[in-house]
Amino acid sequence: MQAQLSLPASNIDWQARMRPQESFSALVWRRFLKHKPAVAGLVAIIAIFLLCLLVPWLTNYDPGKTNVDIIRQPPSLAHIFGTDELGRDLFIRLWDGGRISILIGIATMVIAIFIGTLVGSLAGFYGGRIDNLLMRFTDFMLSIPQLFLLLLFAQLLRSTNDPRLSAGPMPIIVIIGILSWTGAARLVRGQFLSLKNKEFVEAAKMSGARNLRIMLRHILPNAASPIIVSATLRVGAAIITESTLSFLGFGVQPPTPTWGNMLKNAQAQMTYAPWTAIFPGLAILVTVLALNYIGDGLRDALDPHHVE
Amino acid sequence: MTKYFLRRTLQAIPLLLLISIAVFTLMQLIPGGPLTAYENNPNISADDLARLQEELGLNVHKHIQYWNWVTAILRGDLGTSIVTKLPVRDEILGRLGNTLYLSFVAFFGALLISIPIGIISATRQYSWFDHLMTTVAFIGQSMPVFWFGLILIIIFHTTIKNPFTGGPLFPGGGMFTIGAPFALDDRLRHLILPASVLIFFSLGSHIRYMRAGMLDVMHQDYIRTAHAKGLRERAVIAKHAFKNSIIPLVTIIGLEIPGLFNGALITETIFSWPGMGRLFFTQGIERSDYPIMMGILMLSATLIVVFGLVTDVVYAFLDPRIRFD
C-alpha cells in the first residue's frame, strides 16, 4: 500500500520527510511505538501468549487430574492463584484455559471479519438493490439481542446430542462468528462507498479491470486500516462473549477449561473461595484491555491524517 | 419531519415480519417439537397425542401454523407456557416491568454520570482527570459484565458488613426482601448492585463518545465567537456547545439498545432479578419453554425497533442538518 501522507502544512515532520524511503509498515510501527498504552498492551499480550503456551507444557498439566488433599486452598507460594474444589492448581489451569479462550477469540474474529468484509464490500460496491437487501438483513441481525440468539443456537446444538456439534470449542466459534459480523459489514460498506468513486478506481475501470479485481486489489487494501483495527477489537469482544456463554453454561463444556467456564465454576463457591472468581476474570480483563489499547494504538498509527 | 417519521415507521413493518419468520423458523429447528414432553409419558396414549396435536393446531401445514401464530400475536395472544401452563403474555408482562425498571435506572444513571464526565474530560483535555476517566472508560469496556457483578457481590455482599446490623452491606440478589412489607430503602438497597453493574457497563463508551463530541464542537467557529463576545465558559458549554456535542452519544445509544437487553439478561441472572432476561434464560432456554422464548424474542425485537425509531427522531431533532428525504 502506497503511503500518501498528506500532513497539514504546519505540522510537517521534516525528519520523517528527509528519511529515505521509509516503508509503510515501518512508518506504522514507528508511530505505534509512540503510543505508550498500546506498547504496554502489546507487551502484555505477548506475555499472556507465552504463559498460555509454556505453563501447561512445562508443568505437564493434566486438566482432568484432581487432588482431594488440597481442595480450595487460598493463594500460597505452592499454588499462587490457589486451588479449586477438586484441588486443581488454578495458576496452571488459568493458562491452559487461556489457550482455548484466545483460540476462540481469534478464530471468531476471522469468521466475523470475513463475513463482514464480504457483505460490506458487496453492499458498498454494487449499491442499489443489493445494498438495500444486504443492509436490511444487517438491520434484521441487529434487531434481535445477540446473547438471546447465541443462547438459542447453543441450546439448539446441544439438543442434537451430536458430540461433533456440542463438544469442544468449534461450535462456539462458529455461532459467535456468524452472529458478530454486523459491525464489520457496516464499517466496510462505509469504506467502499467513500472509496468507489475515487479517481484510482475510475482509472482501474478505464483500464478494463473486472469488478472483482477492483474490489480486491484496488479498494480493499485502501480500506484495510479500519478493518485491522476492528479485527483487533473483535478478538477481545469475542473472548468476553465466550466467557459470558460459558458462564451461563452454554459455552465450552468442562473438563476443558476456558476463562468463562472457570468463572461459572467459581460462582457457587465465590463467597468462601473468592480467588476462584477473581483470577480468571482478571485474565480476561487484562487480555481484553491490552487488545483494546493495541486497537487504539493501531487506529492512530494507521491513520493517514495522523498528526505526529 | 412527520413524513420522515411515517416512512421510518412503515419500514419497521417488513423488518418485524422478517424477524417473526426467523423466530418461527428457529423454533421449528429445535428437535422434537412442542409435544416432546408428552411423547415419553406412559400415561399419554397415541390418541391423546393426536388430540393434543389437533388442539394445539399442530396438524396443519407450517405456513398455516405461522399465519395462526402471527395473527394471534397481533391479537395479543402469545400462546401458553409449556412449563407453567400460564399465558405467555401474562408471564412476560409480569416480568417486563421489572426489567424496564432496572434498565431505565441504569440507562439514565449512565447518562447522568457520563455526560458531565465527558464534558469535563473534554474541557480539560489531557489533565489528570481526563487521563483517569479515559482509563476507567477503557477498563469498563474490557471486562465481562457478569464478572463485574461477581466482584461487586464479593466486595459489597460477602466482605463488607453493614456496621449497624452486622448483616451484608447490600443484598446479593432479588428485587426486595421476600415476605417483608414494601419499603423504599429495601428496594433501593436491592437495586444498587445490579444497577451499578449495568451503569458501569455502558459508562465506558458513553464517556468516550461524549468527550469526542465535545472536543469536536469546541474547535468550531461559533464557539470561538461565543467566547469572544465574553460569555463565561459555563454559558458557552450549556447554551452553545452542549446540544451539538451530544449527537455522537445519541447515535451510539441507538446502536447500543440491543446491548441493554443482553446486559439485562446477564445482570438479572446473577442477581436473581425477576425480569424478562432471567425468564428467557431460566425458563425459556434452560427448560426449553419455547413459547416463552418466541414471545420474548418477538417482544424484545419490537422494543429494539421502536427504541431505534425514537433515537432516530431525537437525532433528527438534535441535528436539523440530516436530510429527511
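The values are calculated or read from the model by the stated rules, or taken from the named source; none is laboratory data. Keep in mind the model is a prediction, meaning the values are calculated, not measured. Because the Cβ atoms are built from the backbone with ideal geometry, glycine has one as well, and the counts that use them run over all protein chains shown.
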For region B:151-167, indicate whether the set of residues that are within 14 Å of chain A (Cβ to nearest Cβ) and either of a type in the set (D, E, K, R) or within 24 Å of B:Ser288 (Cα to Cα) (or both) is non-empty. yes
Scan (1) outside any helix (DSSP H, G or I); (2) of a type outside the set (Phe, Trp, Tyr); (3) away from every other protein chain (no Cβ under 14 Å) for the single condition A:Pro74 breaks and write down its number. (3)
Does B:Glu256 meet the test of being farther than 30 Å from B:Thr80 by Cβ, out of contact with any Cys (no Cβ under 8 Å at 6 or more places or on another chain) and either more than 9 Å from chain A (Cβ to nearest Cβ) or not in a helix (DSSP H, G or I) (or both)? yes
Considering region B:22-49, residues that are exposed (fewer than 13 other Cβ atoms within 10 Å of the Cβ) and among the hydrophobic types (A, V, I, L, M, F, W, C), and then whichever is modelled with the highest pLDDT, we arrive at B:Leu29
When you look at A:Ile227, is it at pLDDT 90 or above, within 14 Å of another protein chain (Cβ to nearest Cβ) and buried (at least 17 other Cβ atoms within 10 Å of the Cβ), yes or no? no
A:Leu285, sole failed condition from (1) in a loop (DSSP other than H, G, I, E, B); (2) surrounded by fewer than 21 Cβ atoms within 10 Å (Cβ to Cβ): (1)
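For (1) among the β-branched types (Val, Ile, Thr); (2) more than 14 Å from chain B (Cβ to nearest Cβ); (3) closer than 25 Å to A:Met262 by Cβ; (4) surrounded by 19 or more Cβ atoms within 10 Å (Cβ to Cβ), each residue gets a yes or a no:
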residue: A:Ile80; (1), (2), (3), (4): yes, yes, yes, no
residue: A:Thr83; (1), (2), (3), (4): yes, yes, yes, yes
residue: A:Ile115; (1), (2), (3), (4): yes, yes, no, no
residue: A:Phe125; (1), (2), (3), (4): no, yes, no, yes
residue: A:Asn132; (1), (2), (3), (4): no, no, no, no
residue: A:Pro145; (1), (2), (3), (4): no, no, no, yes
residue: A:Leu152; (1), (2), (3), (4): no, no, yes, yes
Does region A:154-187 hold any residues that are within 13 Å of chain B (Cβ to nearest Cβ) and without any contact (Cβ under 8 Å) to a residue 24 or more places away in the chain, and which are they? A:Leu156, A:Leu157, A:Ser159, A:Thr160, A:Asn161, A:Asp162, A:Leu165
Within region A:255-275, count every residue that is outside any loop (DSSP other than H, G, I, E, B) and crowded, with 24+ Cβ neighbours inside 10 Å. 6
Condition (residue is surrounded by fewer than 17 Cβ atoms within 10 Å (Cβ to Cβ), at negative phi and touching a Pro at 6+ places or on another chain (Cβ under 9 Å)) applied to region B:309-319: is it met by at least one residue? no
